[in-house]
Amino acid sequence: MKTMADIRRILELHELYGTFNRVARELGISHNTVKKYVLRVKSVQEGSASEILAKDRKIIQPPRVLTEAVRKKIHSYLESNLGHPRKQRLTAKRIWELLVEDGHKIGYTTVKDEAARWKRTNGPREVFILQEPREGKRAEFDWGDLLLNIRGTWQKFYLAAFVLPFSLYRFARLYNRSTSLEVIQAHVEFFKEINAVPQSLFYDRMRVVYDSDKKKLNDKFLEFSMHSGFIPCVCNPASPHEKGTDEESIGYIRRATFGERSSFESFEEATEWLSKRLAEINTKSVYRRTSVPVQGLVQERDQMNPLPMLEYENFELKRAAISKYSLVKCDGNFYSVPDTYRPKDITLKVLIDRIDLLDGNSVIASHERLTGKQQYSLDITHYVKTFHRKPGALPDSKVLAQVDRQIQDLFNRHYQGDPKDFLPILDLIKETSSEALTRALKILNHQNIPTTHDTLRFFLNQTDVLTVEPLDFKRGFEVFEPDLTDFDRLIEG
(Lines give C-alpha, C1' and ligand atoms only; values in the text may rest on other atoms or scores of the structure.)
Protein backbone atom coordinates (compact mmCIF):
# COMPACT_ATOMS: atom_id res chain seq x y z
CA MET A 1 0.00 0.00 0.00
CA LYS A 2 1.31 3.41 -0.97
CA THR A 3 1.73 6.30 1.46
CA MET A 4 0.50 9.86 0.96
CA ALA A 5 4.07 10.91 0.05
CA ASP A 6 4.15 8.27 -2.72
CA ILE A 7 0.78 9.47 -4.08
CA ARG A 8 2.01 13.09 -4.06
CA ARG A 9 5.04 12.03 -6.11
CA ILE A 10 2.81 10.19 -8.62
CA LEU A 11 0.66 13.31 -9.09
CA GLU A 12 3.68 15.58 -9.58
CA LEU A 13 5.17 13.33 -12.28
CA HIS A 14 1.79 12.94 -14.00
CA GLU A 15 1.42 16.71 -14.20
CA LEU A 16 4.96 16.88 -15.60
CA TYR A 17 4.80 14.09 -18.19
CA GLY A 18 1.06 13.82 -18.78
CA THR A 19 1.04 10.02 -19.36
CA PHE A 20 0.59 7.03 -17.07
CA ASN A 21 3.25 4.94 -18.80
CA ARG A 22 6.03 7.54 -18.42
CA VAL A 23 5.28 7.90 -14.68
CA ALA A 24 5.22 4.11 -14.24
CA ARG A 25 8.66 3.76 -15.92
CA GLU A 26 10.08 6.61 -13.87
CA LEU A 27 8.94 5.14 -10.52
CA GLY A 28 9.28 1.47 -11.43
CA ILE A 29 5.68 0.63 -10.63
CA SER A 30 2.70 -0.73 -12.55
CA HIS A 31 0.78 1.38 -15.08
CA ASN A 32 -2.47 0.40 -13.36
CA THR A 33 -1.18 1.60 -9.99
CA VAL A 34 -0.41 5.05 -11.36
CA LYS A 35 -3.79 5.23 -13.05
CA LYS A 36 -5.64 4.08 -9.89
CA TYR A 37 -4.22 6.77 -7.64
CA VAL A 38 -4.51 9.58 -10.19
CA LEU A 39 -8.17 8.79 -10.79
CA ARG A 40 -8.84 8.35 -7.05
CA VAL A 41 -7.48 11.81 -6.27
CA LYS A 42 -9.71 13.30 -8.98
CA SER A 43 -12.73 11.47 -7.54
CA VAL A 44 -12.06 12.92 -4.10
CA GLN A 45 -11.68 16.40 -5.59
CA GLU A 46 -14.98 16.01 -7.46
CA GLY A 47 -16.74 14.68 -4.35
CA SER A 48 -17.59 11.24 -5.68
CA ALA A 49 -15.19 9.54 -3.19
CA SER A 50 -14.55 10.27 0.47
CA GLU A 51 -10.91 9.24 0.95
CA ILE A 52 -7.77 8.67 -1.05
CA LEU A 53 -6.35 5.89 1.17
CA ALA A 54 -8.84 3.54 2.77
CA LYS A 55 -8.64 3.49 6.58
CA ASP A 56 -8.72 0.15 8.43
CA ARG A 57 -8.84 -1.71 5.18
CA LYS A 58 -9.88 -5.30 5.71
CA ILE A 59 -9.95 -8.00 3.12
CA ILE A 60 -12.45 -10.67 4.00
CA GLN A 61 -12.17 -13.74 1.87
CA PRO A 62 -14.69 -16.56 2.13
CA PRO A 63 -13.20 -19.69 3.70
CA ARG A 64 -12.22 -22.18 1.04
CA VAL A 65 -11.54 -25.22 3.29
CA LEU A 66 -13.54 -24.49 6.46
CA THR A 67 -16.91 -24.64 4.78
CA GLU A 68 -20.19 -24.40 6.64
CA ALA A 69 -20.60 -28.19 6.48
CA VAL A 70 -17.15 -28.78 8.00
CA ARG A 71 -17.79 -26.16 10.66
CA LYS A 72 -21.07 -27.85 11.68
CA LYS A 73 -19.32 -31.21 11.89
CA ILE A 74 -16.63 -29.74 14.21
CA HIS A 75 -19.31 -28.17 16.39
CA SER A 76 -21.19 -31.47 16.63
CA TYR A 77 -18.08 -33.22 17.91
CA LEU A 78 -17.58 -30.46 20.51
CA GLU A 79 -21.22 -30.64 21.59
CA SER A 80 -20.95 -34.40 22.09
CA ASN A 81 -17.88 -33.84 24.29
CA LEU A 82 -19.99 -32.16 26.96
CA GLY A 83 -21.67 -35.46 27.84
CA HIS A 84 -18.43 -37.42 28.14
CA PRO A 85 -16.06 -37.69 31.12
CA ARG A 86 -13.34 -35.06 31.03
CA LYS A 87 -10.53 -37.51 30.33
CA GLN A 88 -12.46 -39.19 27.49
CA ARG A 89 -13.34 -36.09 25.47
CA LEU A 90 -12.20 -35.56 21.90
CA THR A 91 -9.30 -33.16 21.51
CA ALA A 92 -8.91 -30.77 18.58
CA LYS A 93 -6.23 -33.04 17.16
CA ARG A 94 -8.52 -36.09 17.30
CA ILE A 95 -11.35 -34.14 15.63
CA TRP A 96 -8.93 -33.16 12.85
CA GLU A 97 -7.96 -36.80 12.38
CA LEU A 98 -11.64 -37.80 12.10
CA LEU A 99 -12.24 -35.10 9.48
CA VAL A 100 -9.25 -36.27 7.44
CA GLU A 101 -10.52 -39.84 7.63
CA ASP A 102 -13.84 -38.59 6.22
CA GLY A 103 -11.99 -37.18 3.21
CA HIS A 104 -11.85 -33.49 4.15
CA LYS A 105 -8.65 -31.68 3.16
CA ILE A 106 -8.16 -29.38 6.15
CA GLY A 107 -5.23 -28.44 8.35
CA TYR A 108 -4.90 -29.12 12.08
CA THR A 109 -4.40 -25.41 12.91
CA THR A 110 -7.69 -24.53 11.21
CA VAL A 111 -9.57 -27.12 13.30
CA LYS A 112 -7.84 -26.02 16.50
CA ASP A 113 -8.70 -22.34 15.94
CA GLU A 114 -12.34 -23.16 15.19
CA ALA A 115 -12.57 -25.31 18.35
CA ALA A 116 -11.11 -22.47 20.42
CA ARG A 117 -13.66 -20.00 18.96
CA TRP A 118 -16.53 -22.36 19.77
CA LYS A 119 -15.34 -22.88 23.37
CA ARG A 120 -15.13 -19.13 23.98
CA THR A 121 -18.81 -18.68 23.19
CA ASN A 122 -20.38 -22.08 23.85
CA GLY A 123 -18.12 -23.73 26.42
CA PRO A 124 -19.43 -24.35 29.95
CA ARG A 125 -19.04 -21.41 32.34
CA GLU A 126 -17.37 -22.20 35.66
CA VAL A 127 -19.34 -20.97 38.67
CA PHE A 128 -17.90 -20.44 42.15
CA ILE A 129 -19.85 -20.65 45.39
CA LEU A 130 -19.53 -17.68 47.73
CA GLN A 131 -18.45 -18.83 51.18
CA GLU A 132 -19.36 -17.35 54.54
CA PRO A 133 -16.51 -17.78 57.08
CA ARG A 134 -17.40 -19.28 60.42
CA GLU A 135 -15.94 -18.37 63.80
CA GLY A 136 -12.68 -20.15 64.56
CA LYS A 137 -13.17 -22.54 61.67
CA ARG A 138 -10.20 -21.75 59.47
CA ALA A 139 -7.09 -19.72 58.94
CA GLU A 140 -5.14 -19.23 55.73
CA PHE A 141 -1.38 -19.20 55.24
CA ASP A 142 0.81 -17.94 52.45
CA TRP A 143 4.49 -17.29 51.83
CA GLY A 144 5.99 -14.41 49.87
CA ASP A 145 9.26 -12.56 49.42
CA LEU A 146 10.25 -8.90 49.58
CA LEU A 147 13.31 -6.70 49.31
CA LEU A 148 14.52 -4.55 52.21
CA ASN A 149 17.43 -2.15 52.47
CA ILE A 150 19.54 -3.12 55.50
CA ARG A 151 22.35 -0.62 56.18
CA GLY A 152 22.47 0.46 52.55
CA THR A 153 22.31 -3.04 51.02
CA TRP A 154 19.19 -4.46 49.39
CA GLN A 155 18.52 -7.96 50.66
CA LYS A 156 15.85 -10.56 50.01
CA PHE A 157 13.68 -11.73 52.91
CA TYR A 158 10.67 -14.00 53.23
CA LEU A 159 7.30 -13.04 54.64
CA ALA A 160 5.03 -15.60 56.32
CA ALA A 161 1.44 -14.35 56.54
CA PHE A 162 -1.70 -15.66 58.27
CA VAL A 163 -5.24 -14.34 58.17
CA LEU A 164 -8.43 -15.39 59.96
CA PRO A 165 -11.22 -14.96 57.36
CA PHE A 166 -13.94 -14.40 59.99
CA SER A 167 -12.31 -11.50 61.85
CA LEU A 168 -9.67 -10.57 59.20
CA TYR A 169 -7.04 -10.62 61.95
CA ARG A 170 -3.63 -10.61 60.26
CA PHE A 171 -0.28 -11.93 61.43
CA ALA A 172 3.10 -11.92 59.69
CA ARG A 173 6.77 -12.58 60.41
CA LEU A 174 10.02 -11.98 58.53
CA TYR A 175 12.62 -14.71 57.97
CA ASN A 176 15.97 -15.04 56.24
CA ARG A 177 15.14 -18.43 54.71
CA SER A 178 12.14 -20.32 53.38
CA THR A 179 12.70 -23.85 54.70
CA SER A 180 10.32 -26.05 56.68
CA LEU A 181 11.87 -24.77 59.93
CA GLU A 182 10.78 -21.21 59.18
CA VAL A 183 7.30 -22.28 58.05
CA ILE A 184 6.70 -24.30 61.23
CA GLN A 185 8.20 -21.55 63.40
CA ALA A 186 5.78 -19.04 61.85
CA HIS A 187 2.89 -21.33 62.84
CA VAL A 188 4.19 -21.65 66.40
CA GLU A 189 4.47 -17.87 66.79
CA PHE A 190 1.02 -17.34 65.23
CA PHE A 191 -0.62 -19.80 67.64
CA LYS A 192 1.10 -18.10 70.58
CA GLU A 193 -0.08 -14.64 69.52
CA ILE A 194 -3.75 -15.61 69.12
CA ASN A 195 -3.47 -17.99 72.13
CA ALA A 196 -5.38 -20.71 70.28
CA VAL A 197 -5.25 -23.04 67.25
CA PRO A 198 -7.78 -22.73 64.38
CA GLN A 199 -9.63 -25.91 63.47
CA SER A 200 -8.17 -25.99 59.94
CA LEU A 201 -5.51 -24.14 57.94
CA PHE A 202 -5.52 -23.73 54.17
CA TYR A 203 -2.40 -23.73 51.96
CA ASP A 204 -1.49 -23.65 48.32
CA ARG A 205 0.68 -26.50 47.05
CA MET A 206 3.89 -25.24 48.62
CA ARG A 207 6.64 -27.85 48.74
CA VAL A 208 7.17 -27.55 52.49
CA VAL A 209 3.57 -28.58 53.14
CA TYR A 210 2.62 -30.79 50.19
CA ASP A 211 4.63 -33.23 48.09
CA SER A 212 3.14 -32.85 44.60
CA ASP A 213 5.09 -35.84 43.27
CA LYS A 214 3.76 -38.24 45.90
CA LYS A 215 0.38 -36.49 46.09
CA LYS A 216 0.40 -36.27 49.88
CA LEU A 217 1.29 -34.00 52.79
CA ASN A 218 4.90 -34.02 53.95
CA ASP A 219 5.44 -36.32 56.91
CA LYS A 220 7.15 -33.68 59.05
CA PHE A 221 4.40 -31.11 58.53
CA LEU A 222 1.71 -33.72 59.09
CA GLU A 223 3.39 -34.60 62.40
CA PHE A 224 3.40 -30.93 63.38
CA SER A 225 -0.30 -30.52 62.51
CA MET A 226 -1.24 -33.55 64.63
CA HIS A 227 0.81 -32.21 67.54
CA SER A 228 -0.81 -28.76 67.29
CA GLY A 229 -4.34 -30.03 66.69
CA PHE A 230 -5.36 -28.53 63.32
CA ILE A 231 -6.34 -30.05 59.97
CA PRO A 232 -4.15 -28.98 57.01
CA CYS A 233 -6.07 -28.42 53.77
CA VAL A 234 -4.35 -27.99 50.41
CA CYS A 235 -5.91 -26.08 47.51
CA ASN A 236 -6.34 -27.60 44.07
CA PRO A 237 -3.70 -26.78 41.44
CA ALA A 238 -3.99 -23.29 39.93
CA SER A 239 -6.89 -22.43 42.25
CA PRO A 240 -5.86 -19.39 44.31
CA HIS A 241 -9.52 -18.41 44.70
CA GLU A 242 -9.87 -21.29 47.20
CA LYS A 243 -7.55 -19.31 49.46
CA GLY A 244 -8.26 -15.83 48.18
CA THR A 245 -8.24 -13.99 51.51
CA ASP A 246 -4.63 -14.85 52.22
CA GLU A 247 -3.53 -14.40 48.61
CA GLU A 248 -4.55 -10.77 49.15
CA SER A 249 -2.87 -10.62 52.58
CA ILE A 250 0.69 -10.98 51.28
CA GLY A 251 0.27 -8.03 48.93
CA TYR A 252 -1.73 -6.04 51.46
CA ILE A 253 0.79 -6.48 54.28
CA ARG A 254 3.70 -5.83 51.94
CA ARG A 255 2.19 -2.51 50.81
CA ALA A 256 0.80 -1.45 54.20
CA THR A 257 4.00 -2.10 56.16
CA PHE A 258 6.94 -1.74 53.80
CA GLY A 259 5.40 0.50 51.15
CA GLU A 260 6.12 3.65 53.14
CA ARG A 261 9.39 2.45 54.62
CA SER A 262 11.84 -0.16 53.33
CA SER A 263 15.22 0.92 54.80
CA PHE A 264 16.36 -0.23 58.24
CA GLU A 265 19.52 -0.42 60.31
CA SER A 266 19.06 -4.11 61.12
CA PHE A 267 16.84 -7.11 60.54
CA GLU A 268 15.57 -6.78 64.12
CA GLU A 269 14.45 -3.20 63.45
CA ALA A 270 12.52 -4.35 60.36
CA THR A 271 10.84 -7.07 62.44
CA GLU A 272 9.82 -4.54 65.09
CA TRP A 273 8.43 -2.23 62.40
CA LEU A 274 6.36 -5.08 60.94
CA SER A 275 4.89 -5.95 64.36
CA LYS A 276 4.07 -2.29 65.03
CA ARG A 277 2.26 -1.81 61.72
CA LEU A 278 0.31 -5.06 62.11
CA ALA A 279 -0.85 -3.94 65.56
CA GLU A 280 -2.19 -0.76 63.95
CA ILE A 281 -3.85 -2.66 61.10
CA ASN A 282 -5.61 -5.06 63.49
CA THR A 283 -7.17 -2.18 65.44
CA LYS A 284 -8.76 -0.48 62.42
CA SER A 285 -12.18 -1.17 60.90
CA VAL A 286 -12.24 -3.61 58.00
CA TYR A 287 -14.59 -4.31 55.10
CA ARG A 288 -17.92 -6.02 55.89
CA ARG A 289 -17.06 -6.64 59.55
CA THR A 290 -18.93 -5.16 62.50
CA SER A 291 -15.90 -5.42 64.80
CA VAL A 292 -12.26 -4.51 64.38
CA PRO A 293 -9.96 -7.55 63.94
CA VAL A 294 -8.71 -7.66 67.55
CA GLN A 295 -12.29 -7.73 68.82
CA GLY A 296 -13.29 -10.34 66.24
CA LEU A 297 -10.36 -12.51 67.36
CA VAL A 298 -11.67 -12.50 70.94
CA GLN A 299 -15.09 -13.48 69.61
CA GLU A 300 -13.89 -16.47 67.58
CA ARG A 301 -11.16 -17.67 69.95
CA ASP A 302 -13.72 -19.66 71.96
CA GLN A 303 -14.44 -21.78 68.89
CA MET A 304 -10.77 -22.63 68.31
CA ASN A 305 -8.73 -25.47 69.74
CA PRO A 306 -6.54 -24.82 72.79
CA LEU A 307 -2.77 -24.59 72.56
CA PRO A 308 -0.92 -27.92 72.93
CA MET A 309 0.44 -28.67 76.40
CA LEU A 310 4.00 -29.18 75.14
CA GLU A 311 5.71 -26.91 72.64
CA TYR A 312 6.68 -28.58 69.39
CA GLU A 313 10.42 -29.23 69.03
CA ASN A 314 11.18 -27.58 65.72
CA PHE A 315 14.49 -28.97 64.45
CA GLU A 316 16.03 -31.16 61.78
CA LEU A 317 18.77 -33.78 62.16
CA LYS A 318 21.44 -34.04 59.48
CA ARG A 319 24.64 -36.01 59.06
CA ALA A 320 27.61 -34.05 57.76
CA ALA A 321 31.16 -34.98 56.86
CA ILE A 322 33.99 -33.18 58.67
CA SER A 323 36.59 -31.63 56.37
CA LYS A 324 40.33 -31.59 56.98
CA TYR A 325 39.88 -28.06 58.39
CA SER A 326 37.53 -29.49 61.04
CA LEU A 327 34.52 -27.84 59.38
CA VAL A 328 31.04 -29.05 58.51
CA LYS A 329 28.85 -27.50 55.82
CA CYS A 330 25.17 -26.74 56.38
CA ASP A 331 22.92 -24.63 54.13
CA GLY A 332 25.94 -23.36 52.23
CA ASN A 333 27.80 -22.12 55.35
CA PHE A 334 30.65 -23.62 57.40
CA TYR A 335 30.85 -24.37 61.13
CA SER A 336 33.85 -25.47 63.20
CA VAL A 337 33.98 -28.82 65.01
CA PRO A 338 36.13 -29.40 68.15
CA ASP A 339 39.39 -31.02 67.09
CA THR A 340 39.07 -33.44 70.03
CA TYR A 341 36.10 -35.12 68.28
CA ARG A 342 37.56 -38.14 66.45
CA PRO A 343 34.91 -39.48 64.00
CA LYS A 344 34.93 -38.18 60.44
CA ASP A 345 31.24 -37.28 60.37
CA ILE A 346 28.86 -35.79 62.91
CA THR A 347 25.15 -35.24 63.55
CA LEU A 348 23.85 -31.69 63.24
CA LYS A 349 20.73 -30.55 65.07
CA VAL A 350 19.53 -27.62 62.99
CA LEU A 351 17.19 -25.21 64.77
CA ILE A 352 15.66 -21.95 63.64
CA ASP A 353 18.46 -19.79 65.08
CA ARG A 354 21.34 -22.13 65.94
CA ILE A 355 23.08 -25.39 65.05
CA ASP A 356 24.06 -27.94 67.70
CA LEU A 357 26.79 -30.52 67.07
CA LEU A 358 25.88 -33.84 68.66
CA ASP A 359 27.97 -36.75 69.88
CA GLY A 360 25.23 -39.25 70.57
CA ASN A 361 22.77 -37.33 72.73
CA SER A 362 25.38 -34.87 74.05
CA VAL A 363 25.89 -31.40 72.58
CA ILE A 364 29.62 -30.87 72.09
CA ALA A 365 29.35 -27.45 70.41
CA SER A 366 26.80 -24.85 69.33
CA HIS A 367 26.88 -22.16 66.66
CA GLU A 368 24.58 -19.32 65.76
CA ARG A 369 22.90 -20.26 62.49
CA LEU A 370 24.33 -18.09 59.73
CA THR A 371 22.40 -16.43 56.92
CA GLY A 372 23.63 -16.04 53.38
CA LYS A 373 26.15 -18.36 51.74
CA GLN A 374 29.86 -19.19 52.08
CA GLN A 375 30.14 -17.72 55.57
CA TYR A 376 32.12 -19.14 58.51
CA SER A 377 31.33 -19.57 62.19
CA LEU A 378 34.61 -20.49 63.88
CA ASP A 379 35.30 -21.06 67.60
CA ILE A 380 38.98 -20.73 68.53
CA THR A 381 38.56 -23.21 71.41
CA HIS A 382 37.78 -25.89 68.81
CA TYR A 383 41.41 -25.67 67.56
CA VAL A 384 43.42 -25.41 70.81
CA LYS A 385 44.75 -28.96 70.56
CA THR A 386 45.83 -28.36 66.93
CA PHE A 387 47.49 -25.02 67.77
CA HIS A 388 49.61 -26.75 70.41
CA ARG A 389 50.97 -28.93 67.61
CA LYS A 390 51.07 -26.17 64.96
CA PRO A 391 51.59 -22.81 66.72
CA GLY A 392 53.00 -21.27 63.54
CA ALA A 393 49.55 -21.46 61.93
CA LEU A 394 48.09 -19.08 64.53
CA PRO A 395 49.05 -15.58 63.21
CA ASP A 396 47.28 -15.81 59.81
CA SER A 397 44.51 -18.17 60.86
CA LYS A 398 40.92 -17.38 59.89
CA VAL A 399 39.71 -18.37 63.36
CA LEU A 400 41.91 -15.75 65.06
CA ALA A 401 40.36 -13.08 62.84
CA GLN A 402 36.91 -13.94 64.27
CA VAL A 403 37.72 -13.56 67.98
CA ASP A 404 37.08 -10.34 69.89
CA ARG A 405 39.15 -7.33 68.83
CA GLN A 406 40.81 -7.05 72.27
CA ILE A 407 42.10 -10.63 72.05
CA GLN A 408 43.46 -9.92 68.56
CA ASP A 409 45.20 -6.78 69.84
CA LEU A 410 46.72 -8.75 72.72
CA PHE A 411 48.18 -11.28 70.29
CA ASN A 412 49.42 -8.66 67.81
CA ARG A 413 51.14 -6.54 70.50
CA HIS A 414 52.84 -9.25 72.55
CA TYR A 415 52.82 -12.61 70.75
CA GLN A 416 53.09 -11.89 67.02
CA GLY A 417 56.76 -12.87 66.97
CA ASP A 418 56.39 -15.98 69.15
CA PRO A 419 52.87 -17.42 68.87
CA LYS A 420 53.89 -20.40 71.00
CA ASP A 421 53.78 -18.19 74.11
CA PHE A 422 50.13 -17.40 73.31
CA LEU A 423 49.10 -21.04 73.79
CA PRO A 424 48.62 -20.75 77.61
CA ILE A 425 46.17 -17.93 76.98
CA LEU A 426 44.27 -20.16 74.53
CA ASP A 427 44.09 -22.71 77.35
CA LEU A 428 42.57 -20.00 79.57
CA ILE A 429 39.94 -19.28 76.90
CA LYS A 430 39.10 -22.98 76.71
CA GLU A 431 38.86 -23.25 80.53
CA THR A 432 36.61 -20.21 80.80
CA SER A 433 35.31 -18.47 77.65
CA SER A 434 36.22 -15.75 75.17
CA GLU A 435 33.73 -13.41 76.84
CA ALA A 436 35.34 -13.89 80.27
CA LEU A 437 38.81 -13.22 78.87
CA THR A 438 37.54 -10.09 77.13
CA ARG A 439 36.08 -8.77 80.39
CA ALA A 440 39.38 -9.45 82.17
CA LEU A 441 41.31 -7.59 79.44
CA LYS A 442 39.05 -4.57 79.83
CA ILE A 443 39.70 -4.41 83.57
CA LEU A 444 43.48 -4.83 83.19
CA ASN A 445 43.69 -2.18 80.48
CA HIS A 446 41.53 0.20 82.51
CA GLN A 447 43.78 -0.24 85.56
CA ASN A 448 46.99 -0.08 83.48
CA ILE A 449 48.02 -3.55 84.68
CA PRO A 450 50.30 -5.60 82.37
CA THR A 451 48.32 -8.25 80.48
CA THR A 452 50.27 -11.44 81.09
CA HIS A 453 49.16 -15.01 81.48
CA ASP A 454 49.49 -14.78 85.28
CA THR A 455 47.49 -11.56 85.65
CA LEU A 456 44.79 -12.87 83.34
CA ARG A 457 44.53 -16.12 85.28
CA PHE A 458 44.35 -14.19 88.56
CA PHE A 459 41.50 -11.97 87.39
CA LEU A 460 39.67 -14.89 85.77
CA ASN A 461 39.80 -16.83 89.05
CA GLN A 462 38.85 -13.81 91.19
CA THR A 463 35.24 -13.62 90.21
CA ASP A 464 34.50 -11.11 92.98
CA VAL A 465 36.94 -8.65 91.47
CA LEU A 466 35.29 -8.92 88.08
CA THR A 467 31.84 -8.22 89.47
CA VAL A 468 32.66 -5.21 91.68
CA GLU A 469 30.44 -2.30 90.82
CA PRO A 470 31.42 1.34 91.43
CA LEU A 471 29.72 3.17 94.29
CA ASP A 472 27.02 5.51 93.14
CA PHE A 473 26.06 8.37 95.49
CA LYS A 474 23.14 9.92 93.71
CA ARG A 475 22.44 12.53 96.43
CA GLY A 476 25.99 13.07 97.71
CA PHE A 477 26.70 13.48 101.46
CA GLU A 478 24.31 15.46 103.64
CA VAL A 479 26.12 17.78 106.13
CA PHE A 480 24.06 19.36 108.95
CA GLU A 481 24.64 22.85 110.34
CA PRO A 482 26.60 22.44 113.67
CA ASP A 483 25.25 23.73 117.02
CA LEU A 484 28.14 25.52 118.82
CA THR A 485 26.22 26.43 121.98
CA ASP A 486 27.60 23.50 123.99
CA PHE A 487 31.12 24.25 122.76
CA ASP A 488 30.86 27.91 123.94
CA ARG A 489 29.61 26.78 127.32
CA LEU A 490 32.64 24.46 127.80
CA ILE A 491 35.05 27.26 126.89
CA GLU A 492 33.51 29.59 129.38
CA GLY A 493 34.14 27.02 132.14
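The values are calculated or read from the model by the stated rules, or taken from the named source; none is laboratory data. Note that the structure is predicted; figures quoted are calculated from it, not measured. A quick note on method: Cβ atoms are made from the backbone with ideal geometry, for glycine too, and the neighbour counts reach across all protein chains shown. Areas reflect the complete protein model, heavy atoms only, side chains present, ligands, DNA and RNA absent. Shrake-Rupley method; radii C 1.70, N 1.55, O 1.52, S 1.80 Å.
Farthest towards the positive end of the charge dipole of the chain, among the residues 63, 185, 428, is the Cα of 63, using unit charges on the Cβ of Lys, Arg, Asp and Glu. Cross-link pairs exceeding 23 Å in C-alpha to C-alpha distance, out of 216/329; 119/214; 87/214; 2/42; 385/420, comprise 216/329; 119/214.
In square angstrom, what is the accessible area per residue of the chain with a 1.4 angstrom probe? Mind showing how you got there, number by number?
Values: 31540 Å² over 493 residues.
About 64 Å² of surface per residue is accessible.
Annotation: extensible slack from residue 113 through residue 35 equals 24.0 nm (criterion: 0.36 nm per residue apart, minus Cα-Cα distance).
Please report the relative contact order for the chain, taking Cα pairs under 8 Å with a sequence separation of at least 6, and give it as a percent rounded to a whole number.
Values: 567 pairs, mean separation 42.8, N = 493.
Averaging sequence separation for qualifying contacts and normalising by length gives 9 percent for the chain.
So what's the gap between the Cα centers of the stretch 313-334 and the stretch 145-173, to the nearest angstrom? That distance is 29 Å.
Roughly speaking, to the nearest percent, how much of the stretch 37-163's 1.4 Å accessible area is carbon and sulfur? If you can, show how the numbers build up before the last one.
Working: 4570 of 9190 Å².
That share works out to 50 percent.
Each residue, residue 310 and residue 421, gets one label point 7 Å from its Cα in the Cβ direction; the gap between the two is 5.6 nm.
A simple charge model with +1 on the Cβ of Lys and Arg, -1 on the Cβ of Asp and Glu and nothing else charged puts the dipole of the stretch 1-104 at about 300 debye relative to its Cα centre.
Counting only Cβ charges, +1 for Lys and Arg and -1 for Asp and Glu, the dipole size of the stretch 308-424 around its Cα centre is about 520 debye.
The chymotrypsin sites (Phe, Trp or Tyr not before Pro) of the stretch 123-157 that DSSP puts in a loop, and whose beta carbon has at most 10 other beta carbons within 10 Å, are 128.
The packing ranking, built from the mean of other Cβ atoms within 10 Å per residue, places the peptides 103-111, 412-420 in the order 103-111, 412-420, highest first. Dipole check for the chain: with +1 at the C-beta of Lys and Arg, -1 at the C-beta of Asp and Glu, and the Cα centre as origin, the magnitude is about 4760 Debye.
Could you tell me what percent of the accessible area of the stretch 365-465 is made up of carbon and sulfur, with a 1.4 Å probe and every protein chain present? Each step should come with its number before you reach the end.
On the way: 2680 of 5770 Å².
So the carbon and sulfur contribution to the accessible surface is 47 percent.
Stretched out straight at 0.36 nm per residue, the stretch from residue 71 to residue 276 would grow longer than its current Cα-Cα span by 67.5 nm. Ranking 24, 48, 88 by Cα position along the charge dipole of the stretch 1-115, where only Lys, Arg, Asp and Glu carry charges on their C-beta atoms, puts 88 farthest toward the positive end. Sparse packing (at most 15 other Cβ atoms within 10 Å of the Cβ) combined with a DSSP loop state is found for the following trypsin sites (Lys or Arg not before Pro) in the stretch 291-333: 324. The stretch between residue 362 and residue 130, if pulled fully straight at 0.36 nm per residue, gains 78.0 nm over its current Cα-Cα span. Evaluating 6.51 cos²θ - 1.76 cosθ + 1.60 at θ = phi - 60° for every residue in the stretch 335-343, the Karplus couplings come out as 9, 7, 10, x, 6, 7, 7, 8, x Hz, glycine and proline recorded as x. The packing ranking of peptides 169-179, 384-394, 117-127, highest mean first, is 169-179, 384-394, 117-127, where packing means the average number of other beta carbon atoms within 10 angstrom of each residue. For the pair residue 53 and residue 268, how long in nm is the line joining their label points, each one 7 Å along Cα→Cβ? Computed distance between label sites residue 53 and residue 268 equals 7.0 nm. When each of the peptides 185-198, 75-88 is scored by the mean number of other C-beta atoms lying within 10 Å of its residues, the order from highest to lowest reads 185-198, 75-88. Computed from the Cβ-Cβ distance with R0 of 41 Å, the FRET efficiency linking residue 4 to residue 64 stands at 0.75. A Förster distance of 56 Å, applied to the separation of the beta-carbon atoms of residue 462 and residue 219, puts the FRET efficiency at 0.55. Across all C-alpha atoms in the stretch 119-213, the radius of gyration and Dmax reach 17.4, 58 Å. Go through 122, 283, 266 and say which Cα lies farthest out towards the positive end of the charge dipole of the chain; charges sit on Cβ, +1 for Lys and Arg, -1 for Asp and Glu. It is 122, whose Cα lies furthest towards the positive end.
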